[in-house]
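Q: Have a look at the structure that comes next, please.
No lab work stands behind these numbers, since they all come straight from the coordinates. Predicted, not measured: the structure shown is a model, and the values here were computed from it. Don't worry about glycine lacking a Cβ; one is built from the backbone with ideal geometry, like all the others, and counts go over all protein chains shown.
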Amino acid sequence: MHIISFPGGSGGNWLYNTLTNQTYNYGSANFHTSSDKKEKLVHEIDPLKFKYLLSGKSYFNFYLNVIYKYFHHDKDIFTETDYKNYFLECVNTARFLCKFDHIHKHIFFNFDDLINAPDNFYTQITKFQIDNNYQLIPNEEFLTRREVFIRTCVNPSTINLNFDNMFWVCFVIGQLMNMDLVPTEFSIYEYQNQDKCKQFALDNFKYCTLNNVHNFDTDVFMPNIL
């Protein structure tokens with residue numbers, strides 16, 4: 001079994017479908033499918049527990065995608081749970097995604113190449129398919145699938161660097177937590193402390209380094225639900 005690790009929101013299920021030449025629902029926000037016995041998808045940051053890694057440096061894009069596609073679209077946590085639970089889910093998601101930066105050197109499928117240098121990403125696709133006895137996907141088909149995936153990515157334009165937006169604030173707080181920078185004088189998950197969270201994020205953003213973002217010009221926008 002070949003284990004492929006990826007941070008949520010980076011397109012792991014889309015990659016799996018592409019590698020194994022499976023069809024998918026063009027109208028869906030996600031690309032989930034049943035896995036075969038040869039491949040397994042995981043969210044794993046221990047390099048000893050996977051063979052291939054899909055990741056990149058655009059953690060904020062991963063964060064927006066997984067919050068929108070999984071937690072909002074699939075799980076609907078913003079109506080099914082209370083403020084404390086979905087706020088902490090957003091923070092902890094950002095925190096976990098940013099931990100993938102520690103294993104950046106293990107990347108085999110580079111998300112940033114998928115966006116900015118698709119020929120390089122296609123080379124890795126074909127290398128995987130040759131090494132693991134899959135039918136090669138034509139470049140034209142790969143590019144079509146790439147465009148379909150990009151159209152499902154969240155447009156970050158209204159959230160990125162917007163300290164009045166709580167999704168951005170949660171991303172910053174999650175990143176800061178990995179550096180043991182946490183508020184001690186108030187509870188971040190209390191709704192009445194949103195302004196304090198915003199100020200904490202703004203005051204400490206200078207310590208954040210994982211701020212690369214792809215400005216996807218799509219019509220997928222995060223609703224104002226946090």
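Q: Around PHE128, under 11 Å between beta carbons, what's the net of Lys plus Arg minus Asp minus Glu among the other residues?
A: 0
Q: Over the chain, calculate the relative contact order: mean separation of alpha carbon pairs under 8 Å at least 6 apart, over the residue count, as a percent. Let's see the in-between values first.
A: Numbers: 314 pairs, mean separation 58.3, N = 226.
Reported relative contact order: 26 percent.
Q: Further, regarding this structure: Set the Förster distance to 35 Å, then compute FRET efficiency between PHE163 and ASP74 from the Cβ-Cβ distance, nearest 0.05.
A: 0.80
Q: Taking the Cα atoms of segment 98-226, what is the range of coordinates along each of the three principal axes, in descending order and whole Å?
A: So the extents along the principal axes, rounded to whole Å, are 57, 32, 21.
Q: Pulled fully out, how much extra length does the chain show between ASP195 and THR123, if you take 0.36 nm times their separation in residues and subtract their Cα-Cα distance?
A: Gain in length upon complete extension: 21.2 nm.
Q: Just to be sure I understand the model, the point goes 7 Å from the Cα along the line to the Cβ. What's the resulting ASN133 to TYR207 distance in nm?
A: Distance between label points: 5.1 nm.
Q: Let me ask something else. How much length is gained on full extension from ASP180 to LYS84, taking 0.36 nm per residue of separation minus their Cα-Cα distance?
A: 32.5 nm
Q: Right, next: Show me 172-181, 207-216, 81-90, 56-65 ranked by packing, highest mean number of other Cβ atoms within 10 Å first. Can you show the working numbers first?
A: Working: 172-181: 19.2, 207-216: 14.9, 81-90: 16.8, 56-65: 25.8.
Descending mean neighbour count gives 56-65, 172-181, 81-90, 207-216.
Q: Using the Karplus equation 6.51 cos²θ - 1.76 cosθ + 1.60 (θ = phi - 60°), what ³J(HN,Hα) coupling, rounded to whole Hz, does each residue of segment 179-190 give in order, writing x for Gly and Pro?
A: Result, rounded to whole Hz: 9, 6, 9, 9, x, 10, 9, 7, 8, 5, 8, 8.
Q: Once both axes come from the Cα atoms, what is the angle between helix 194-204 and the longest principal axis of the chain, in degrees from 0 to 90, rounded to 10?
A: It works out to around 70 degrees.
Q: Please compute the Kirkwood hydrodynamic radius over the chain, one decimal place, Å, based on all pairs of different Cα atoms. Intermediate results must be reported in sequence, preceding the final value.
A: Working: mean 1/r = 0.0547 Å⁻¹.
Taking the inverse mean of 1/r over all distinct Cα pairs, the chain comes out at 18.3 Å.
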